[in-house]
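Structure first, then comments.
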Amino acid sequence: MNKRVLLVIGGGIAAYKSLELIRRLKETGADVRVVMTKAAQHFVTPLAAGALVGERVFTDLFDQAQEFDVGHIRLARECDLIVVTPATADLMAKMANGLADDLASAVLLATDKPILLAPAMNPHMWANAATQRNLEVLRADGRAFVGPNEGEMAERGERGFGRMAEPEEIRDACLALLSDGPLKGKKAIVTAGPTVEALDPVRFLSNRSSGKQGYAIASALAQLGANVTLVSGPTALATPAGVKVKRIESARDMLSACEDALPADVAVMVAAVADWRPSKTAKKKIKKGDAASAVELTENPDILATLSKLTKKRPALVIGFAAETDNVEANARVKIAKKGCDWIVANDVSGDVMGGNDNQVMLITRDAAQSWPRMSKDLVAQKLASEIAEALKGKATRRK
Ligand code: PMT
């Protein structure tokens, strides 16, 4: 890979994994340059990082020699991607607020290149409202994230969300962002997970979708170079690398998030959208005796049908999923016709597909059907992404 990655090492215990990341990135053929914060140097030395990259490590904004040699503006621009490992709470806060009082933060502010952050911090710091606010700001600024993962912390006895992603995961996220894959320049919208329809402040109607299949598809499309917006109902899943996520609750919110993400070349509607919502959402908790009148239902908008029937901004390829428990192919064909989409991926949900890690699907187009063997949801996603890439090959598809 003929690309340059600028690695910004932040000051946290996970900094040691950055050394392994340098090796993993160099194995792909990438050229790696390193900037270290002052705090990072308490955890790993510039000497160690420099030995692995084979050139000097940049540490100081006010060092005359370093500024003369390369300078923070050239560091920020002479690369294809910047990756921050670990993205500490402090670095995230600086980035979210545009502070630039050291070399790392000045480079991050001065760049016009994609930035990938691999956060790592104590779970309480991650959960803190200030960090979560900064995360939202950075996401809205288009920054990509990988992790954090859940697990044991360096602090004895602590567990939770805050572990930095492993070097291989960060390398894969870098590859996705640097990809010159067949979907480069294409935009995809993917929906995933359940929708949640409020009955009152504490109760809702929903379903058992975990989001795994939709997240895997969003990730596979990003790995092929697509610019992916994932519109997700509530799930326990981490944001896939290189994917923009819009989190919503209800079907109506999912529809407006999809409409906001248009135009797109392909839309893959994997979400298990609630077909109905309570006609009224009570402002106060419904009393036991009032339950019967509380469950009057109204039909939700059909997101797949709405996107399929657009006249102006219809994506060139609109793909639905069909969750069936019997007559899978016949029912799925009825759905293609009724909703007006181009393909349907039909799966039998009478077993463990919803929530599980594997799936057995049938890809149904208007004139053909292929039955795929049972495989992991990740593999289903990769196969589907290849089919999408093949279908969009060479097409100038996006309608403004
Ligand atoms: O999330 P997982 O645990 O990984 O499980 C994956 C899955 C089983 C949820 C997924 O593979 C799947 O089948 N998704 C579609 C679920 C569904 O709602 O199927 P459906 O047959 O009811 O709907 C058909 C299509 O219309 C779907 O693309 C659905 O997103 C869409 N739809 C449905 C209703 C509605 N109001 N708006 C919609 O857009």
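The values are calculated or read from the model by the stated rules, or taken from the named source; none is laboratory data. Small disclaimer: the values here were computed from a predicted structure and weren't measured. Because the Cβ atoms are built from the backbone with ideal geometry, glycine has one as well, and the counts that use them run over all protein chains shown.
A compact table of results
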| read-out | value |
| --- | --- |
| Any strands (runs of 3 or more DSSP E) falling wholly within region 262-330 and containing at least 3 residues that are more than 10 Å from the ligand (Cβ to nearest atom) | none |
| Residues of region 308-320 classified as in contact with a strand residue (DSSP E or B) (Cβ under 8 Å, 6 or more places away or on another chain) and in contact (Cβ under 8 Å) with a residue 60 or more places away in the chain, total | 4 |
| Residue check for LEU47: surrounded by fewer than 23 Cβ atoms within 10 Å (Cβ to Cβ), of a type outside the set (D, E, K, R), outside any helix (DSSP H, G or I) and over 23 Å from the mean Cα position of the chain (by Cα) | no |
| Top-ranked residue of region 67-108 - restricted to ones that are charged (D, E, K, R), farther than 13 Å from VAL8 by Cβ and assigned to a helix (DSSP H, G or I), ranked as modelled with the highest pLDDT | ARG77 |
| Unique match (being farther than 30 Å from LEU224 by Cβ and either assigned by TED's automatic domain parsing to the domain that holds MET36 or within 16 Å of the ligand (Cβ to nearest atom) (or both)) among GLY142, GLY193, GLY98 | GLY98 |
| Residues located in region 163-204, provided they are surrounded by fewer than 18 Cβ atoms within 10 Å (Cβ to Cβ), among the basic types (Lys, Arg) and more than 17 Å from ILE217 (Cα to Cα) | ARG203 |
| Of all residues in region 324-349 being small (Gly, Ala, Ser) and crowded, with 19+ Cβ neighbours inside 10 Å, the one that is farthest from VAL266 (Cα to Cα) | ALA332 |
| Scope region 321-375; condition in contact (Cβ under 8 Å) with a residue 60 or more places away in the chain and among the hydroxyl-bearing types (Ser, Thr, Tyr); matching residues | none |
| Region 100-123, subset surrounded by fewer than 19 Cβ atoms within 10 Å (Cβ to Cβ) and closer than 18 Å to ALA238 by Cβ, residue nearest to the chain's Cα centre (by Cα) | PRO123 |
| So ASP352, is it among the charged types (D, E, K, R), near the ligand (Cβ under 10 Å from one of its atoms), over 18 Å from MET269 (Cβ atoms) and within 27 Å of the chain's Cα centre (by Cα) | yes |
| Single unsatisfied condition, ILE22 versus (1) surrounded by fewer than 19 Cβ atoms within 10 Å (Cβ to Cβ); (2) not in a loop (DSSP other than H, G, I, E, B) | (1) |
